[in-house]
């Protein structure tokens, strides 16, 4: 990843949708930058502003306040020029023409940028091969599965070697193995071609494995920003699984409910107690309660906290800050 001038610069971006139910603020003072070779992920619950961010950069919607520039070009003042630097895959949109083949789609989208078939032939073959589309390159896209159509859309987004690529839910319809290959391909392409790739996704594992940096949005504003590793270190908790020889008593369960993220999982062998703890010393309190109940410990395991749990903890942390702020204002 290159550390130079930002090629995407978003400053104080604000967007308000106005409808019959009144105004809805989709983005509020959102700011971030993107550099060559960087893969930036945006995570957030539904309605957090992920797609609105993508569409604002892509010049598909007009925002109410703030500034967005792509390669130094203001997207409001020069939308056509800004679009010339972009490739995009949008969720819920027909990103390719279904009655064309993958090969024909690539030629068409390259032609929109003034490139001839001769200029992009080698590039097109490389994309089709890298994304596993070579054998179906002359079959109409309408006969493809959703995952295959998604791969054609991604190929079209990269065909002209744009410096900026926007991918809104790129793994929709992809199986686990194909998503893994897509991750490796995106990382390799961003590095080799110096492309800034902005990804929104609900796929936590994909975001964690492909992104150099992550923004977590809620209600149109950034709750946290950092590398996946830094966010994990800040918010992750160790998960302890305790298996007992006997079922715990009701009074004990009532006490255990006070521990963060406590839950019980049951299988054919009986029940497992699971605790998500940031401070390992709290485990001694758990042991003391089990001892007072005269329960026998069968096993204790430490599990890895996944990135989805980290994401949920960050959202909870944001809720707590909002609650504290509201009380302070009151």
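The values are calculated or read from the model by the stated rules, or taken from the named source; none is laboratory data. Since the structure is predicted, the reported quantities are computational estimates derived from the model, not experimental observations. Every residue, glycine among them, receives a Cβ derived from its backbone with ideal geometry; neighbour counts consider all protein chains shown.
Return the residues of the stretch 28-42 that are in contact with a helix residue (DSSP H, G or I) (Cβ under 6 Å, 6 or more places away or on another chain) and crowded, with 24+ Cβ neighbours inside 10 Å; say none if nothing qualifies.
Listed by number, the residues that qualify are 39, 41, 42.
Every residue in the stretch 253-299 that is over 39 Å from the mean Cα position of the chain (by Cα) and at pLDDT 85 or above, please.
288, 289, 290, 291, 292, 293, 294, 295
List the helices (runs of 4 or more DSSP H) inside the stretch 78-174, counting only whole elements, that have at least 1 residues being more than 18 Å from residue 59 (Cα to Cα) and in the same structural domain as residue 62 (by TED's automatic domain parsing).
102-112, 117-130, 146-158
Please work out which residue is farthest from residue 188 (Cα to Cα), limiting yourself to the stretch 85-110 and to residues that are over 28 Å from the mean Cα position of the chain (by Cα) and surrounded by 14 or more Cβ atoms within 10 Å (Cβ to Cβ).
Ranking the candidates gives 100 first.
Say whether the condition of being under 15 Å from residue 220 (Cα atoms), more than 18 Å from the chain's Cα centre (by Cα) and buried (at least 18 other Cβ atoms within 10 Å of the Cβ) is met by at least one residue in the stretch 53-60.
The answer is no; no qualifying residue exists.
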